[in-house]
Amino acid sequence: MTNWIIWILPLPPLLAFFAIILFTNKNKALSHGIAVAAAGLSWLGSMIVFISAVGTQEFGKHVFESAINWLPTGATWLQVGVRVDPLTAVVLFFVAWTVLAIFVYSIGYHNFGQPKGDHDLPGLPPHGATVIEEEQTHRVPSIEPMYSRFFAFISLFAFGMYTLVVSNNLLTLFVGWEIMGLCSYLLIGFWYGKKSARDAAIKAFITTRIGDVFMLLGIAWLYSYTGTLSFSEIFKPEILQGMGNTIAFPAFAMHIPALWPFFSSFSVAGSIGILLFIGTIGKSAQWPLHAWLPDAMEGPTPVSAMIHAATMVSAGVYAAIRMFPLLQADVTGTSLAFVGFIGAFTALFAATIAVAQNDIKKVLAYSTISQLGFMIAALGVHAYVAAAFHLVTHAFFKALLFLGSGSVIHGMEHGVLHTGEHVDAQDMFNMGGLRKKMPVTFWTFLIGGLALSGFPVLTAGFWSKDAIFAEAFGGGHLLVFIVLALAAFLTAFYTMRQITLTFFGEGRTKAAEHASETTWTMTLPLVVLAVFAVGVGWVGMPAWFTGGLVPDWFHEFVGGTLAQAPEAMPFNWIPLVTSLVVALGGLLCGWLAYRNVSALAEDRLQIPLLKNKYYFDEIYAFLFVKPAIWIAEKFTSLYMDQVVIDGVLHSLARFSLFLGHVFRNYFDKPVINEFFGDGAGKTVKASGSGLRKIQSGRVQYYMVVAIVVLVVFAFLYYFLKRGM
Amino acid sequence: MSVPLSWYLILAAALFCIGLYGVLSRKNAIAILLGVELMLNAVNVNLVSFWRYLDPAQMAGQAFAVIVFAVAAAEVAVGLALIISVYRRRKTVVADEIDLMKW
């Protein structure tokens, strides 16, 4: 029964996608109805699966799994199947909730129920409509022109995510992964009328594609080495051990002694793990493939932002966590060190950029990169459960923050339309004092912000971050611990900066003074997610806090996924105190530094290096984009395309023409046309005109002919018979 | 049995030749039809005489003759009907003038 539900879990959104694009795209209400109903069905199925998973004793050893043969590959079969183990169950839990929240929120965000815009065009954000009420004209937000299209895309997106989560093998995981890549491209470029959106879509697609190519290489290697892509097969201890103990490039390592130290540090498991992890770097926007995620904020403000923050990028981390046994099997430890380095570096690197961003969404985008870095770093220090825990809590509070920022922008846009003032509705320096105008958004955003900062005891973020600190410190990874602590301090700092600039003080523009609270379809998901942003942390309280009265449910449950369940870290004061100090200290510093800032000029953190994101976009443009364009223009187009390719094609065409000419003049015309075609006609005509003379129409003449013929044949017969 | 078989055959041959001559030489379509009847009856004479002289135990010769009668009757009926129809349309029964099927 449960297996059956898991199989059909991803299907409702896919059906909704087809239903919307094929049939209901003219009807906005029906389109969002279908999409939300489909998300609701998948949500319901996920909850049933989750509850039955939680209710199973020692679930890690009795996972739900079923598979069927799909593609015959010579002697064996490539299998596809579904698998829900403890890790999948918790991921499924947050995916179901956040997806449903996005769907409902999108209705309000795209101004359902509002009039059509005065001059809105498909491919551009709605500009607002003029309504006349009681002889007064108002400017109000207008409905999105491509409303149904949006719901079709996010439905397909949800299908990709569910497919990825429930699949029991790397192949279907990769399929879901790529579907999400496509949807992310479509959604970032949703307002394709804007050049920035088009560029961002292409950037996101190509950047993640780089990671995906490496991931595919890893999958191919894994398949050729083990002959299977199914997780349960790969993670068998003997296979893992075999891969972990084998040197990846024996030929190099053996024959070039000078390189022995280098190559001997790569086992097969580690190399495959690193290749797969590069896919995660692309998908989860880790340094150095992080540049696409901030630009992805070009999509429809909060929703696509949230997809790129809470759902899809989580898939990257999920895949990395899923592949943890492979990384762990690497006896050299190179791969986990690499993972830990990338994660810790990204966490700090992105956090420093976030403190100098003024766009409310850009701050959250960099914060997302940074938090994903936390999870990756946790994985690097063997903190499997802590990484999964932070993945879940982050998904909830970051979803909450993004939806909250969308709500803020929406409220600001209302103010902009109302006052007619031309200000950027996303710039935090144009906001201020919104706590009174938008109370629900304020309180939920505050909860999300505190969770992100790791506000002690109450919020989910505290428990998950504390788990990472404890594991990093207890495992002896002091460098990672210090870097993450710094990053956490900055996290608390920029979060408080954001909250202070947006909600506290007085409105810095007229638009901010006229901002208004958004509709219930937007605030309801905020409230639901806020509950989770607080409550989801309680399931993972460590034993030192509860005194052992309540077991650390999350640790026991998710830890059971691994063949050898990890031990809980013994309690230590240092990481706990660090965690408290950085969270509270960061919040306090943020509050003190920004409570009186009333203009951009007073912000002392507008350092060009940070503001310009360490010039990574410029460096990439110089190193890759410009050379690529130069090669395309000067070499590929001029020589490769116009000379070689066109030359081959043209000569092929000329040869074909010549061949056609030969066939036409020396075969078709003389043989087919003249000999067979005309010849047959002429022969028939000639014989007809010759033979028609015997058709005299005189019946007695026929008779004479008949008698003559009879006589002649009679004589012939007679003499021939005698002759024989 | 004073009359030998050959006499009958000579009679039949003469009858056949008269009929054939009529068919080939007459212009009137009805006369041509009459010639055809003569030829058929010449054949009948042959059939009956061969039966009588060569194989009287078998009924085959008589049966053939009867069938030829029937066919001849049918043929005359159809032929005369055709000729009447042609006459009504073209006011002629001359075979040479009925040449619609000519090229």
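Among A:Val385, A:Val339, A:Val317, A:Val392, which is the only one that is assigned to a helix (DSSP H, G or I), over 20 Å from A:Gly273 (Cβ atoms) and not polar (S, T, N, Q)?
The match here is A:Val392.
Here is a check on your reading of the model: is B:Arg52 within 14 Å of chain A (Cβ to nearest Cβ) and among the charged types (D, E, K, R)?
The answer is no for B:Arg52.
Check the range A:270-291 and report whether any residue there is in contact (Cβ under 8 Å) with a residue 12 or more places away in the chain, in contact with a helix residue (DSSP H, G or I) (Cβ under 9 Å, 6 or more places away or on another chain), farther than 21 Å from A:Leu336 by Cβ and surrounded by fewer than 21 Cβ atoms within 10 Å (Cβ to Cβ).
Within the range A:270-291 (the criterion being in contact (Cβ under 8 Å) with a residue 12 or more places away in the chain, in contact with a helix residue (DSSP H, G or I) (Cβ under 9 Å, 6 or more places away or on another chain), farther than 21 Å from A:Leu336 by Cβ and surrounded by fewer than 21 Cβ atoms within 10 Å (Cβ to Cβ)), the answer is yes, since at least one residue qualifies.
Do we have any residue at all in the range A:692-711 that's away from every other protein chain (no Cβ under 14 Å), over 30 Å from B:Val36 (Cα atoms) and out of contact with any Ser or Thr (no Cβ under 7 Å at 6 or more places or on another chain)?
Among the residues of the range A:692-711, not one is away from every other protein chain (no Cβ under 14 Å), over 30 Å from B:Val36 (Cα atoms) and out of contact with any Ser or Thr (no Cβ under 7 Å at 6 or more places or on another chain), which makes the answer no.
Mind checking whether some residue in the range A:80-88 is assigned to a helix (DSSP H, G or I), aliphatic (A, V, I, L, M) and either without any contact (Cβ under 8 Å) to a residue 60 or more places away in the chain or surrounded by fewer than 18 Cβ atoms within 10 Å (Cβ to Cβ) (or both)?
no
Could you tell me which numbered condition B:Ile67 fails, if it satisfies all but one of (1) away from chain A (no Cβ under 13 Å); (2) over 23 Å from the mean Cα position of the chain (by Cα)?
Condition (2) is where B:Ile67 drops out.
Among the listed residues A:Ser224, A:Ser284, identify the single one that is under 16 Å from the mean Cα position of the chain (by Cα), among the polar types (S, T, N, Q) and either in the same structural domain as A:Val166 (by TED's automatic domain parsing) or over 21 Å from A:Met161 (Cβ atoms) (or both).
Sole residue among the options that is under 16 Å from the mean Cα position of the chain (by Cα), among the polar types (S, T, N, Q) and either in the same structural domain as A:Val166 (by TED's automatic domain parsing) or over 21 Å from A:Met161 (Cβ atoms) (or both): A:Ser284.
Filter the range A:130-173 for residues that are among the charged types (D, E, K, R) and modelled with pLDDT under 85; which is surrounded by the most Cβ atoms within 10 Å (Cβ to Cβ)?
Filtering the range A:130-173 for residues that are among the charged types (D, E, K, R) and modelled with pLDDT under 85, the one surrounded by the most Cβ atoms within 10 Å (Cβ to Cβ) comes out as A:Glu144.
Can you pull out every residue in the range A:12-52 that is touching a strand residue (DSSP E or B) at 6+ places or on another chain (Cβ under 9 Å) and surrounded by fewer than 23 Cβ atoms within 10 Å (Cβ to Cβ)?
A:Phe50, A:Ser52
Residues that are more than 17 Å from A:Thr518 (Cβ to Cβ) and in contact (Cβ under 8 Å) with a residue 12 or more places away in the chain: list the helices (runs of 4 or more DSSP H) wholly contained in the range A:401-491 that include at least 3 such residues.
In the range A:401-491, the matching helices (runs of 4 or more DSSP H) lie at A:439-453, A:460-474.
Just name the residue that is farthest from the other protein chains (Cβ to nearest Cβ) out of those in the range B:19-33 that are touching a residue at least 24 places away in the same chain (Cβ under 8 Å) and assigned to a helix (DSSP H, G or I).
For the range B:19-33, the residue satisfying everything is B:Ile30.
Just one of the numbered conditions (1) more than 27 Å from A:Ala388 (Cβ to Cβ); (2) buried (at least 24 other Cβ atoms within 10 Å of the Cβ) is not true of A:Val99; which one?
Going through (1) more than 27 Å from A:Ala388 (Cβ to Cβ); (2) buried (at least 24 other Cβ atoms within 10 Å of the Cβ) one by one, A:Val99 breaks only (1).
Quick one: is A:Ile607 modelled with pLDDT under 85, out of contact with any Cys (no Cβ under 8 Å at 6 or more places or on another chain) and exposed (fewer than 13 other Cβ atoms within 10 Å of the Cβ)?
Taking the combined requirement at face value, the residue satisfies it.
Can you tell me which residues in the range A:174-204 are closer than 27 Å to A:Trp7 by Cα, of a type in the set (A, V, I, L, M, F, W, C) and buried (at least 24 other Cβ atoms within 10 Å of the Cβ)?
A:Trp177, A:Met180, A:Cys183, A:Leu187
Please go through (1) surrounded by 13 or more Cβ atoms within 10 Å (Cβ to Cβ); (2) at pLDDT 75 or above; (3) over 29 Å from the mean Cα position of the chain (by Cα) for A:Ala543 and return the number of the only condition it doesn't satisfy.
Failed condition: (2).
Restricting the range B:76-103 to residues that are within 14 Å of chain A (Cβ to nearest Cβ) and part of a helix (DSSP H, G or I), which is nearest to the chain's Cα centre (by Cα)?
B:Gly79
Looking only at the range B:36-58, decide whether some residue is crowded, with 19+ Cβ neighbours inside 10 Å, aromatic (Phe, Trp, Tyr) and either touching a helix residue (DSSP H, G or I) at 6+ places or on another chain (Cβ under 7 Å) or over 24 Å from B:Ser85 (Cβ atoms) (or both).
Among the residues of the range B:36-58, at least one is crowded, with 19+ Cβ neighbours inside 10 Å, aromatic (Phe, Trp, Tyr) and either touching a helix residue (DSSP H, G or I) at 6+ places or on another chain (Cβ under 7 Å) or over 24 Å from B:Ser85 (Cβ atoms) (or both), which makes the answer yes.
In the range A:689-724, what count of residues is obtained for those that are more than 28 Å from B:Gly22 (Cβ to Cβ) and touching a Leu at 6+ places or on another chain (Cβ under 8 Å)?
Number of matching residues: 0.
Which residues, counting only those in the range A:51-67, are touching a residue at least 12 places away in the same chain (Cβ under 8 Å) and under 16 Å from A:Gly559 (Cα atoms)?
Those that are touching a residue at least 12 places away in the same chain (Cβ under 8 Å) and under 16 Å from A:Gly559 (Cα atoms): A:Ala53, A:Val54, A:Glu58, A:Phe59, A:Gly60, A:Lys61, A:Val63.
If the requirement is being surrounded by 11 or more Cβ atoms within 10 Å (Cβ to Cβ), without any contact (Cβ under 8 Å) to a residue 12 or more places away in the chain, away from chain B (no Cβ under 14 Å) and among the aromatic types (Phe, Trp, Tyr), which of these qualifies: A:Phe663, A:Phe655?
Going through A:Phe663, A:Phe655 in turn, just one is surrounded by 11 or more Cβ atoms within 10 Å (Cβ to Cβ), without any contact (Cβ under 8 Å) to a residue 12 or more places away in the chain, away from chain B (no Cβ under 14 Å) and among the aromatic types (Phe, Trp, Tyr): A:Phe663.
Are any of the residues in the range A:587-607 of a type outside the set (Val, Ile, Thr) and either farther than 30 Å from A:Arg435 by Cβ or not assigned by TED's automatic domain parsing to the domain that holds A:Met431 (or both)?
No - not one qualifying residue is present in the range A:587-607.
Can you name the number of the only condition in (1) within 30 Å of A:His138 (Cβ to Cβ); (2) in contact with a helix residue (DSSP H, G or I) (Cβ under 7 Å, 6 or more places away or on another chain) that A:Lys116 fails?
That leaves (2) as the condition not met.
What about A:Pro570, is it closer than 28 Å to A:Phe345 by Cα, at pLDDT below 85 and surrounded by fewer than 18 Cβ atoms within 10 Å (Cβ to Cβ)?
Taking the combined requirement at face value, the residue satisfies it.
The values are calculated or read from the model by the stated rules, or taken from the named source; none is laboratory data. Here the structure is a predicted model, which is why all the values come from computation and not from measurement. Glycine also receives a Cβ, built like all others from the backbone with ideal geometry; neighbour counts cover every protein chain displayed.
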